[in-house]
Each structure stands twice: as C-alpha cells, then as structure tokens.
Amino acid sequence: MEFLHAVPYEQLLIQTINGIVTGMILALVASGLTLIFGIMDVVNFAHGELFMLGAYVGVLILAATGSFWVALVAAMLLIALLGAVLHVTTLRPLLGRDPLTTILATFGISLVLQNYALWQFGPVARKISEPFTGQFTLFYIQYPWYRLLIALLSAGIIAALYLFLKFGTYGIWIRATTQDRVMAQAMGIPVPWVLTAVFAIGSGMAAASGVLFGPLVGVNHAMGLDWVLKAFIVVVVGGMGNLGGSILAAIFISLLEAYAALFVAPSQAVIVSFIVLILTLLFRPTGLFVPTPK
Amino acid sequence: MRNRHAIVYWTTFGVVVALLAVAPLVLPEFWRRFLTEILIWGLLAMSSDILIGYTGIVSFGHSAFFGLGMYGAAAALITMRPPSLWLALPYGLVAAAAVAAFVAYFSTRLRDIYFAITTLIFSQIFYVVIFTWTEVTGGENGLTFSRPPLAIPGLFSVPFTSTTLHWFVLAVVVISYLILRRITQSPFGMVLQSIRENEARTRAVGYPTERYKIVAVMLSGLFAGLAGVLYAIQNRFAAPDFVFFLVSGEVVIFNVIGGIGTLVGPIVGAAFFLLLRETLSRFFTEFYLIPVGVIFIAMVIFMPQGLLGFARRWLNR
C-alpha cells in the first residue's frame, strides 16, 4: 500500500468530486438507456448519437438566443420530438419481432445520425460556454461551480423521472405497460404511444446530458460513441432495466475511473471499468446493484 | 430428389467458384483488388453467421477477432526472418483463438441482447489495449510490414501478384465455406440450431448449451481471425481502426443484408455493401454511410430475410 501514501489526500478528494460529477452525467445517460431497455426491450444503439445531437442543438440555440437555459430546455424538447419520430418510423414496425432486430435498426439510426452531424457541422469541435463561470477554491485549485451544478441538475432530472414514473398518471401507464403489455392494452392504455413517449423521454434525457456536458469538453460528431459504450457498461453492471442500479453503477464506475486516473493515463483508466464489468459477469451476471434473485 | 438437389447445388457451387477464379484474369487491377477484398470481408461475415444465423446470438465483437488475427500475423511477419506465410497463419489464428476463448468464456454467460452488448464491450477492451500500448502495437499508427512470398517450403517460393493473391484468398474462403457448411450440418451444428430455436428446451433435453455456445463463439472467432490474417497479407498493415466496434457493426450489416443462416449470404451482403459504398461514395463522398444506413434500416424492417433469404432452405439442405 506504499503507493497510496504517495497520493495526497486533497487529490483524492478532488478526484472524488470529479468522479461524482461525471458519474451523475453518466447516470443521466444510462438511466435514459435503462428506461428504454427496461420498458421497451430495445437496446438503443443510437443513444450516444441523441446525446451528441442534443449537444449540437444546444450549441445552435445558445448561439441564437444567448441563454444556456433556453438552449437546455429546447434541446431536450427537440431531441425528444426527434426520438418520437424515429420511434414511429423505425421501431414501431418492429414491435413483436425479435428484440435483436431493434439493435440492428438503432445501429442503422446511429450511423445515419452520426454521419449527418459530421456532414452538417463538420469535424471541428464546437464549444458551449458555461452559463456562469464562478469558481471556488478547493485546496490548491480553482474548482468551477458549474461542475457541481451539473451533478445537481442531473440528480434533479433523474429524481423528476422517478417521481413521474411513481406518481404521474402517464408514469403509471408506463409501468403498467412494462408489467404486462397485453393487459395494459386491454385496459385501454394506448401501448404503442406509451412506447413512443418512453423513447422520447429517454431521448430528451440524452439530449439534456449532452447540453450539460457540452461545456466540459468540445462538442463533436463522435462524442456519443464513448458515452454510449460507458453507458452500456453501466447498464450491464447495474443490472439491465434497473434504474436505481444503473445510477449507483454509474457513480461507482466513474469514481473508480477517477481514482485510477491518479495512477495511470486517463485513456488507460477506462480499463478499470472493463475490469469491473468482467468481475461482475463472473460473479454476479444479473448486476451488482440488484437484490439477489430468489 | 436428394440426388438432384446435390447435383444442382454442386454445379452452381462449381460455376460460382470457377467464375471467381477466372475473374482476376479479365478484371482491371482496381476491381481485382476489390474482389479479393470482398472475399476477405465475406469470410469475416461468414464466420459471424455461425453465431447470428445458426446459434441465434448476435456478436458485436467480431472486430476483436479480426483485428487480433491481423496483429498476430503482423507479429509473425515482423519478428520472423524471412517473413513466412505459414508462420503468419498460425500466429494470427492463435491470437484470434485466444481472444475468442476469453470473450466466449465471459459473454456466453449472458443471453440475447446482453450477449451482443458484452461482446461489443469486450472488443472495445482490446481496442483500448491496442490503441494505448504503443510500444508493442504501434498505437494509433498501427504496424506495417512486407508481404510474405507464396511458398511451400522446399518446393517453390514466388512473390504474390494480385492474381495469385486472389486465388490464394479464394482457396482459403472456399475451404472455409466447405468446413463451415459441414459443421453446420453436423450433429454439433444441429445442436447450435436447436439453441437458436429454443435454448431452454435444448438444455432440458440434456445438452450443455453453455459449452456449445462457447465452442461456437471460438469457432467463429477462429475464422474471423483467418479473415484478419488474409487482410493483413493483402494490405501489409495492421491498424487499431480494424478493432474498433464499427467494423463489428459492418459485419452484422453484411449478414443482415445478405441473409443470415445461409453462409454464402454474408459474402453476397459484403459484396453488395462494398459495391454500394463504392458507388455512393462518388455522390456522397465520405458521408456515404447516411444512405447506406437508411437502406440498412429499410432492409431490417421490410426485408429481414436479406438478399439470399429466399434460398436459405435450399442452401442448407
């Protein structure tokens, strides 16, 4: 444990905060993915592209209106609308077929969207400016308030989703559809539209995380790839279709990666999440953060 | 009846192989290379068909097997003097098989979609390792090496021309096809197909389905590695781009376009896709994936059987 003493505790604390911040964004991306998977049995390969397009829409609206908050809300709504259109045109015809075909269809969508973004916006990264630039002193570095705000906003959006699913009328429809699609239909719930709405909500959440995350890194056409892969790891580690599990897994993995970045290059820190995945598959293939199935 | 089918089948087979063998003699250089490349990608797609079409599990990790085949061949061709074709092949195959064993052991614990996602993530592990381990793999730039001569030790040794390379690749692909066809018709292949139809029942009947799936993934990875070796020999480089999961995605596209569960369908799919890319990239430059993606989605929705799906029964008899 010699190497642990080499790292000052301030750095550990800074990395803890960093890990939680990225973890919350990852949780927002992953909970959209989990929502779509848990309710619709659709693995959304295009989720990263919706994330990326959300960030681009944010860039455009921010340039047009000058307000970050307008950009955030508008990006959510527009991408949710796009998600609804994508669902109606490509996923609804696949209802009732093998769930594997939805992987193929969403993979096609992701190819189209990613190359569309490259064509439309070019390969140069765009920048979203932070809504406010305040900083506070954390030991010896200046830490931007905005990062903490991201974590809070992400938590807020996830909490809103949870409350909506738990108490809202449409939320109850969604849960009823998850439990028994045929019965829900028989009770008069418009199941195809519920599924469309779920896809739209998931897309909107991806867009929100894209806009929130935009200021930290540049916005470019390939930014979705990294995130969707990480989100997939999170979703498998957290237990597929399990909202709480994916949130915990997102924070857990981000923290581990943040600590690993103290010792190795950040590009190699990714390997930590792969190791977590392998160990999870070995010992708890149903997911780390789900109750043991009886 | 059975006899007549066999005659028609093998005649068609012979005609197609003969056409492919004659093609490099009449085609210009560019299309000769193109045809060889189609065969290599076709072999990769065909290896994936064992999983998608016959076992009913979709692998999104074939780029790892393909890439490791490439890097394995690269290792043999760079370290061994003089470079030998017959060393590149086993090196690539062993590398691919090792990776396949690793991936198979973990990912077959999961079913359906989970399998697809874990194979994808595993292929990304190898991508990250290859991308960041610059001292050994050359990192982002990859490795370049010279092409080994076409040789049988003690008999003859001539440098590859594009025509002899094509024949060599054609021979490997045809032999692989015959082996894979034999495997899918063997009792082992029948168990795989029954896993596709109903895994729970297959297990209930008494087959250890997990073990069958592990062997299927390894077999598939082995042939994908073979395709990787051929690609390395053709292009004289190994690059991390070929380990990236988009390659796996293209392999799945080849399968769906060509028709899964036919073995030759994926080759047709690869040919169709590469021709489409060649044509469309003249109009759409590097954005050819937009129309390709749209066509792919349309085929998933309206033509799930693929181009050769209508002949599936006939081809598997």
*asked:* Would you confirm whether or not segment B:64-75 contains a residue that is over 19 Å from the mean Cα position of the chain (by Cα) and either under 30 Å from residue B:308 (Cα atoms) or modelled with pLDDT of 85 or more (or both)?
replied: yes
*asked:* Within segment A:10-19, does at least one residue satisfy the condition of being polar (S, T, N, Q), closer than 30 Å to residue A:182 by Cα and surrounded by 15 or more Cβ atoms within 10 Å (Cβ to Cβ)?
replied: no
*asked:* Please count how many residues of segment B:9-59 are over 26 Å from residue B:225 (Cα atoms) and among the aromatic types (Phe, Trp, Tyr).
replied: 2
*Listing of helices (runs of 4 or more DSSP H) fully contained in segment B:231-317 that carry 1 or more residues being more than 9 Å from chain A (Cβ to nearest Cβ) and of a type in the set (Val, Ile, Thr)*: B:245-258, B:264-284
*Is it the case that segment A:280-292 has a residue that's surrounded by fewer than 19 Cβ atoms within 10 Å (Cβ to Cβ), among the polar types (S, T, N, Q), in a loop (DSSP other than H, G, I, E, B) and without any contact (Cβ under 8 Å) to a residue 24 or more places away in the chain?*
yes
*Restricting segment A:40-56 to residues that are modelled with pLDDT under 85 and crowded, with 22+ Cβ neighbours inside 10 Å, the residue that is nearest to the chain's Cα centre (by Cα)*: A:43
*With the condition kept exactly as written, say whether any residue in segment B:20-36 is crowded, with 23+ Cβ neighbours inside 10 Å and in contact with a helix residue (DSSP H, G or I) (Cβ under 6 Å, 6 or more places away or on another chain).*
yes
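Please list, ordered by residue number, the helices (runs of 4 or more DSSP H) wholly in segment B:39-158 having 3 or more residues that are in contact (Cβ under 8 Å) with a residue 12 or more places away in the chain and within 13 Å of chain A (Cβ to nearest Cβ).
Helices (runs of 4 or more DSSP H) meeting the threshold: B:85-107, B:112-132.
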*Run down A:84, A:74, A:30, A:64 and say which single residue is out of contact with any strand residue (DSSP E or B) (no Cβ under 8 Å at 6 or more places or on another chain), free of Cβ contacts under 8 Å to residues at least 12 places away in the same chain and in a helix (DSSP H, G or I).*
A:64
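Scan segment A:115-131 residue by residue and report those that are farther than 30 Å from residue A:40 by Cα and within 11 Å of chain B (Cβ to nearest Cβ). If you could, list the steps in order and put the result at the bottom.
Applying the first criterion (farther than 30 Å from residue A:40 by Cα) to segment A:115-131 yields A:119-131.
Hits for segment A:115-131 are A:119, A:120, A:123.
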_Considering only segment B:160-181, I want to know if a residue exists there that is within 14 Å of another protein chain (Cβ to nearest Cβ) and closer than 25 Å to residue B:250 by Cβ._
no
*Matching residues, segment A:92-113, being touching a residue at least 12 places away in the same chain (Cβ under 8 Å) and within 17 Å of residue A:48 (Cβ to Cβ)*: A:102, A:103, A:105, A:106, A:107, A:108, A:109, A:110, A:113
_Residues that are in contact with a Lys or Arg (Cβ under 7 Å, 6 or more places away or on another chain), β-branched (Val, Ile, Thr) and under 19 Å from residue A:104 (Cα atoms): does segment B:107-119 have at least one?_
no
*Tell me, yes or no, whether segment A:24-32 has at least one residue that is closer than 17 Å to residue A:113 by Cα and crowded, with 24+ Cβ neighbours inside 10 Å.*
no
*Which one of these does residue A:137 not meet: (1) touching a residue at least 60 places away in the same chain (Cβ under 8 Å); (2) farther than 24 Å from residue A:242 by Cα; (3) among the β-branched types (Val, Ile, Thr)?*
(1)
*Please work out if residue A:60 is surrounded by fewer than 24 Cβ atoms within 10 Å (Cβ to Cβ) and more than 14 Å from residue A:201 (Cα to Cα).*
yes
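Let's see how each residue does on (1) farther than 30 Å from residue B:286 by Cβ; (2) within 14 Å of another protein chain (Cβ to nearest Cβ); (3) at pLDDT 85 or above; (4) crowded, with 16+ Cβ neighbours inside 10 Å:
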residue: A:90; (1), (2), (3), (4): no, yes, yes, yes
residue: A:99; (1), (2), (3), (4): yes, yes, no, no
residue: A:113; (1), (2), (3), (4): no, yes, yes, yes
residue: A:133; (1), (2), (3), (4): yes, no, no, no
residue: A:139; (1), (2), (3), (4): yes, no, no, no
residue: A:152; (1), (2), (3), (4): yes, no, yes, no
*Name the single residue, out of those in segment A:235-275 being within 11 Å of another protein chain (Cβ to nearest Cβ) and under 22 Å from residue A:38 (Cα atoms), that is surrounded by the most Cβ atoms within 10 Å (Cβ to Cβ).*
A:235
_Given the criteria part of a helix (DSSP H, G or I) and modelled with pLDDT of 85 or more, does residue A:204 qualify?_
yes
*What are the residue pairs meeting all of these: first residue in segment B:270-288, first residue more than 16 Å from residue A:111 (Cα to Cα), second residue small (Gly, Ala, Ser), Cβ atoms under 6 Å, and 6 or more apart or on different chains?*
B:270/B:42; B:270/B:45
*Filter result for the condition that a residue is touching a residue at least 40 places away in the same chain (Cβ under 8 Å) and under 11 Å from the mean Cα position of the chain (by Cα), over B:224, B:232, B:216, B:239*: B:224
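The values are calculated or read from the model by the stated rules, or taken from the named source; none is laboratory data. What you see is a predicted model, and the numbers here were worked out from it, not measured in a lab. For neighbour counting, all protein chains shown are included, and Cβ atoms are generated from backbone atoms with ideal geometry for every residue, glycine included.
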